[in-house]
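Let me begin by presenting the structure, written as structure tokens, before commenting on it.
The values are calculated or read from the model by the stated rules, or taken from the named source; none is laboratory data. None of these values were measured; they are calculated from a predicted model. In this analysis, Cβ positions are derived from the backbone assuming ideal geometry, glycine residues included, and neighbour counts consider all displayed protein chains.
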Amino acid sequence: MNHEMRVFPENFEKIRLGQKCREYRLYDEKRRKIMPGDTITFYNTKTKESVIVLVESLHIYKNFEECYQEFWEEDFANRGKTLEQIVLDTYQNWWSKDKEEEYGCVVIEIKLI
């Protein structure tokens, strides 16, 4: 099954180049349909370009702090921010704490195809 998601240009470019192997999302109804072996078409929010990836695995967490901590070294340590700052950025810019408590979050491991 193919799923569709939008990503900002910076993340789109990393996905397109095979440099981004994990996508962090709210584990809402849309993401609950995703299974390993499915594909995701990511669309650049600015240019509408697309790229297709294979879903390799899913990791489900009750909150973003847990999932960020799990992949801290690989995905976040070089950003010059603390775990607490990145979690706060998530609440301020992406998803509310209420939505996180309602749905939890998912880390989708992806591979460019």
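Look at region 94-110: where a residue is in contact (Cβ under 8 Å) with a residue 24 or more places away in the chain and surrounded by 15 or more Cβ atoms within 10 Å (Cβ to Cβ) and a partner is part of a strand (DSSP E or B) and of a type in the set (Gly, Ala, Ser), sitting 6+ places away or on another chain with Cβ atoms under 6 Å, you get Glu109/Ser57. Within region 72-92, the residues that satisfy the criterion of being modelled with pLDDT under 90 and of a type in the set (Phe, Trp, Tyr) are Trp72, Phe76.
Residue count for region 1-47 satisfying the condition of being within 11 Å of Ile108 (Cα to Cα) and aliphatic (A, V, I, L, M): 4.
Quick check: anything in region 40-52 more than 22 Å from Val87 (Cα to Cα), of a type in the set (Phe, Trp, Tyr) and out of contact with any Asp or Glu (no Cβ under 6 Å at 6 or more places or on another chain)? Checked region 40-52: at least one residue is more than 22 Å from Val87 (Cα to Cα), of a type in the set (Phe, Trp, Tyr) and out of contact with any Asp or Glu (no Cβ under 6 Å at 6 or more places or on another chain). Filtered by the rule that a residue be at negative phi and out of contact with any helix residue (DSSP H, G or I) (no Cβ under 9 Å at 6 or more places or on another chain), region 13-39 gives Glu13, Lys14, Ile15, Arg16, Leu17, Lys30, Lys33, Ile34, Met35, Pro36, Asp38, Thr39. Scanning region 60-86 for residues that are hydrophobic (A, V, I, L, M, F, W, C) and either in contact with a Cys (Cβ under 8 Å, 6 or more places away or on another chain) or within 11 Å of Tyr24 (Cβ to Cβ) (or both) turns up Ile60, Phe64, Cys67, Phe71, Phe76, Ile86. For Tyr103, the criteria (1) of a type in the set (Ser, Thr, Tyr); (2) modelled with pLDDT under 95; (3) touching an Asp or Glu at 6+ places or on another chain (Cβ under 7 Å) hold in every case but one, which is (2).
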